[in-house]
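*Asks:* Below: one structure in C-alpha cells.
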Amino acid sequence: MKPTASPVDVDPTTTAPEVSDAVDGISHTYQPVVWHWFFLKEIDKTKRIWKPFSMLDSVALDDTFQLRKIAPEDAIVMTDGGRYDVDVSRRLRTAIYWEETPLSVRRCSWFFKGSLETRYTPYDEDMAEKLEEEYHNSLLHSLWRRVLEFPLGNKIMFQNPNVLLDFSNYGPVDDWTQEGQIRPLIVKRGIDGFDISDGEKTVIDHLIFLVHGIGSVCDLRFRSVVEVVDDFRILSFQMLETHFPTAVAEQRVGRVEFLPVSWHAPLHGDDTGIDKRLQPITLPSIPKLRHFANDTILDVLFYTSPVYCETIISTVAHELNRLYKIFLQRNPTFQGQVSLGGHSLGSLILFDLLAHQPLIPNPEPVDDVLSEDAVSYVSDLNDPTVEEVCQVLQLGDHLAKFQREQFTFGDLLLLSEEDLASLGLPMGPRKRLLTYLRDLEIRRAKLKQEDGNIPAHDSTVSYTIGLAGTGQPSISYPLLDFHPAAFYALGSPTAMFVTVRGIDCLGEDFVLPTCPKFYNIFHPYDPIAYRIETLIDVNMVNVPPVIIPHHKGRKRMHIELRETMARLSADIKERFFGSVRSTWSTVQNFTSFRSMPQSDGLDVQCLQEDLDTSTNSDDSAVAEKTTTEADPVIRIGKLNGGCRIDYVLQEAPLESFNEYLFALTSHVVYWESEDTMLMMLRETYAGMDTYPDK
C-alpha cells in the first residue's frame with residue numbers, strides 16, 4: 001500500500017520548528033542512504049534506548065544480511081568483541097558470557113525524536129524503506145511541502161530535503177502552549193551526527209576477570225557488575241590510545257578483554273533459599289533499608305559462614321572456569337595470559353581462592369600416582385607417600401625434616417600448624433601442606449559417599465584458627481583451570497579479615513602459589529581498604545604506600561603544593577636552628593675568656609646539646625625523606641616477587657577538603673579511575689616489553 005499524498009494542510013494551532021528557506025532554489029543530488037545496525041539496550045531496568053553498533057560490527061551484520069538475500073539461512077554474527085551474538089534472521093542480540101534478556105536489533109536509516117529529546121529512535125525497517133522511496137521521489141520530481149499518510153498512521157511532512165516532520169501522535173503535549181497542541185517529531189535521514197566507534201581490535205593481548213563486591217550493584221548509580229565492567233573496558237581503550245600511541249600505531253598492542261564475574265545472584269537464588277528464610281525474621285519497619293541490608297551488607301556475614309562461604313567460593317571458581325573455557329572456544333588463537341581483579345569482598349574471595357591453589361608446575365610424572373590425578377589432589381582412596389606429597393607441593397627442601405622424624409602419611413594427617421612450625425617449616429609451606437591434607441580428606445569423604453560407604457562432609461563447620469580470632473571456614477576450594485599472571489585487589493578488606501582470623505603476620509615467605517604478582521590498590525579515604533605490606537613486615541608501617549602516578553603524567557597540583565610546603569617548613573626550621581646555633585657559638589666564643597660559674601657552664605652545655613639534637617633530628621628527617629624519594633626500591637617478601645604491594649590513588653582536589661564527605665564515594669571510585677586503569681595496563685604490558693610513551 002503506497003502512502004497517500006496531500007498538500008500541506010496542518011492544524012494552524014500546531015507548533016512546528018522554524019524552517020529556513022536557505023535550501024530553496026538549490027538542486028540536491030540524490031545519494032542512497034547509508035544503512036546502519038542498531039541494538040536495543042536496557043538502562044536501569046526501566047528505560048530502553050537504541051544504540052548504534054560499531055562500524056566494524058555493522059558492516060559484518062550488513063554483509064550477512066545481504067548474503068541471506070541470496071542464500072536464506074540462519075546466520076549468527078559475533079559482535080562487541082565476541083561478547084554478544086546477533087541472530088540476523090530473528091533480529092536478536094544475545095549475551096554470551098552472562099545472563100541477559102535477548103533484545104532486538106534493527107537495520108536503520110531513518111530516525112525520529114521529540115523536540116525536547118536528545119536521542120533519536122529508529123523507524124522500523126519497512127517504514128524506513130517507504131520513507132526512503134518517497135524521499136527519492138520527492139527529490140527527483142521536486143515534490144515538497146506535502147504531507148504523506150502511511151499505512152500505520154504516520155503523517156510525515158516533506159517540507160524540503162533538510163526538514164521533515166512527523167505529525168503522528170507520538171510527541172508529548174507542550175505545557176507552554178494551548179491545551180491539545182502537540183509538537184511534531186523531528187525526522188532525520190541517515191546516521192550523520194551519531195557517535196559511532198570504529199570497533200574493537202580483533203587481537204586480544206590479555207584477559208582480566210573482575211569479581212564484584214557485596215550486593216547486586218557496584219556503585220552509587222546502582223549499576224550491575226556487567227555495566228561497570230563495560231565502562232571499565234571502554235576506559236582501557238581510551239588509555240591505550242592516549243598512553244600507548246606508538247605501540248598502537250605499530251600494531252604491537254591489541255586490547256585487553258575484561259569480563260565480569262557475578263556470584264551474588266546464585267547466593268540469593270532459589271537454590272540456597274536464604275532470602276526466603278530471611279523474609280519472616282525481617283522486621284516490617286523501614287522496609288527499603290532492611291531489604292538493602294539483607295541484599296548487600298549481609299553478604300559479608302554469609303562469607304564468614306562455612307555453608308554459604310563454600311557456595312560463594314564454588315560459584316566464583318565455577319564462573320571463572322566456565323568463562324575461561326567459553327573465551328578460549330571463541331578466541332582459539334589467544335596466546336596471552338590471564339589476570340584477576342576483585343573489588344571489596346570480591347578481592348577477599350579471590351585471595352582465599354588463590355591462597356588454596358596447589359603449586360603444581362606440570363612436572364614430569366614419575367609414576368602413575370603423580371599423573372593427572374595428583375593434580376586434582378587425590379587419585380583414589382590409597383595413601384600417597386610423604387615423598388610424593390612433598391613432590392606435588394614442591395616441599396623437597398623440607399623432605400629431610402619429615403624423614404628425620406620418620407613420618408608416614410598417616411602421621412601428617414595428625415600434625416597441627418604448631419607442630420609444623422616447631423619442625424621449622426615457614427608459613428607458606430605450612431599453609432600449602434595443611435590445605436592439601438584438609439582438602440584431601442574432604443574429597444575422599446565425597447568419593448566414599450558416591451560409593452555408598454559413609455556420608456559426605458557437606459556441612460563442615462570446622463575452622464582454621466590462628467592464635468586468636470574467629471578463624472577461617474574449612475571448606476573445599478575448587479581448582480582453577482588457569483594460573484593467573486597477576487591479581488589486582490581494589491579497595492580490599494583482605495588484611496582486616498586475615499587479622500580477624502588470628503593471623504598476626506603472613507611472613508616474608510607467604511605467596512599465592514599459582515599467582516606471582518599481587519597489587520593492593522586503594523583510595524586514601526576508602527574506609528573498607530587495608531594495607532597488606534604491614535602484614536608481611538611490621539616495619540613497613542612507617543613506609544607509605546606507593547603513589548600511583550596521575551594519568552596526565554604528574555602529581556595532582558594540591559599534592560605537589562602540600563609536599564612543597566612540607567619541604568619549605570623543614571628548610572625554614574633547619575635554617576632557624578642553624579642561625580641560633582651559630583649565634584650561640586659566637587656568644588660562647590666571645591665570653592670564653594671570662595671566668596664563668598660551673599653551673600652556667602653546665603647550662604651552656606645543655607643548651608648546646610639541645611640545639612644539636614634538634615638540628616640533627618631535623619637533618620635526619622629531611623635526609624630520610626630525601627632518601628625515600630630518591631630510592632623508592634624496597635624489597636618486601638615474596639608475595640609480589642619482592643616488589644611493593646600497596647598502591648594508593650591520589651585524591652582529587654575537592655576530596656582533600658573533607659575526607660569524611662567522600663568516604664563512601666571513594667570505595668567505588670575504582671570503576672571510573674583512569675589512574676587505576678593505567679596502572680593495570682602498565683603492569684600488564686610490561687610483561688610484554690611494551691611501555692607507555694613518555
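All of the numbers you see were taken from the coordinates with simple rules; none came from a lab. Worth saying up front: this structure is predicted, and the values here are computed from it rather than measured. Glycine gets a Cβ as well: all are built from the backbone with ideal geometry, and neighbour counts include every protein chain shown.
*Asks:* Using the count of nearby Cβ atoms within 10 Å as a rough guide to exposure, how do H243, H141 rank from fewest to most?
*Replies:* Lowest to highest Cβ neighbour count: H141, H243.
*Asks:* While we're looking at this one, here's another question. Listed here are the pairs K113/K155; K45/K288; K45/K325; which of them are more than 23 Å apart at the Cα?
*Replies:* K45/K325
*Asks:* Right, something else. Where q = 0.19, 0.20 Å⁻¹, what log10 of I(q)/I(0) comes from the Debye formula for segment 210-287, counting one point per Cα?
*Replies:* -0.90, -0.95
*Asks:* Report the FRET efficiency, 1/(1 + (r/R0)^6), for D689 and E388, where r is their Cβ-Cβ distance and R0 is 45 Å, rounded to 0.05.
*Replies:* With R0 = 45 Å, the Cβ-Cβ based efficiency is 0.70.
*Asks:* While we're here: Fully extended, how many nm does the chain gain between L328 and E133 (0.36 nm per residue separation, minus their Cα-Cα distance)?
*Replies:* 65.6 nm
*Asks:* Modelling each spin label as a point 7 Å along the Cα-to-Cβ direction, I'd like the S422/L661 distance in nm, to one decimal.
*Replies:* Result for the modelled spin labels: 5.9 nm.
*Asks:* Taking other Cβ within 10 Å of each residue's Cβ, how do E250, E533 sort, fewest first?
*Replies:* Ranked by crowding around the Cβ, least crowded first: E250, E533.
*Asks:* Right, another one. So what's the net charge close to D537: Lys and Arg +1, Asp and Glu -1, counting the other residues with Cβ under 14 Å from its Cβ?
*Replies:* With Lys, Arg at +1 and Asp, Glu at -1, the neighbours total -1.
*Asks:* Filter the cross-link list K130/K188; K552/K638; K401/K431; K638/K694 down to pairs whose alpha-carbon distance in this structure exceeds 24 Å.
*Replies:* Violating the 24 Å limit, Cα to Cα: K552/K638; K638/K694.
*Asks:* Which parts of segment 511-527 would a label at E672 reach, counting a residue when its backbone N lies under 20 Å from a point 7 Å out along Cα-to-Cβ?
*Replies:* 522-527
*Asks:* If each of T242 and D87 carries a label point 7 Å out from its Cα toward its Cβ, how far apart are those two points in nm?
*Replies:* It works out to 4.1 nm between the two label points.
*Asks:* Describe numerically, in nm with one decimal, the distance between label points set 7 Å from Cα along Cα→Cβ at L140 and at V538.
*Replies:* 9.0 nm
*Asks:* Moving to a separate point now. Could you work out the mean projected area of the convex hull around the alpha carbons of segment 212-340, in square nanometres to one decimal?
*Replies:* One quarter of the hull surface, i.e. the mean projection, equals 10.3 nm².
*Asks:* I need the calculated FRET efficiency for the pair E149 and A293, taking r as the beta carbon distance and R₀ as 51 Å, to the nearest 0.05.
*Replies:* The formula returns an efficiency of 0.35 here.
*Asks:* Tell me, what is the percent relative contact order of segment 27-118, built from C-alpha pairs under 8 Å that lie six or more residues apart?
*Replies:* Once normalised by length, the contact order is 26 percent.
*Asks:* Based on the Cβ-Cβ distance from R68 to K276, what FRET efficiency comes out when R0 is 35 Å, to the nearest 0.05?
*Replies:* For R68 and K276, the calculated efficiency is 0.15.
*Asks:* When the chain is fully extended, how far beyond the present Cα-Cα distance does Y30 get from V500, taking 0.36 nm per residue of separation?
*Replies:* Stretched out fully, the Y30 to V500 stretch lengthens by 161.8 nm.
*Asks:* Which order do D219, D195, D74 fall in if you start with the one that has the fewest other Cβ atoms within 10 Å?
*Replies:* Ordered by Cβ neighbours within 10 Å, fewest first: D195, D74, D219.
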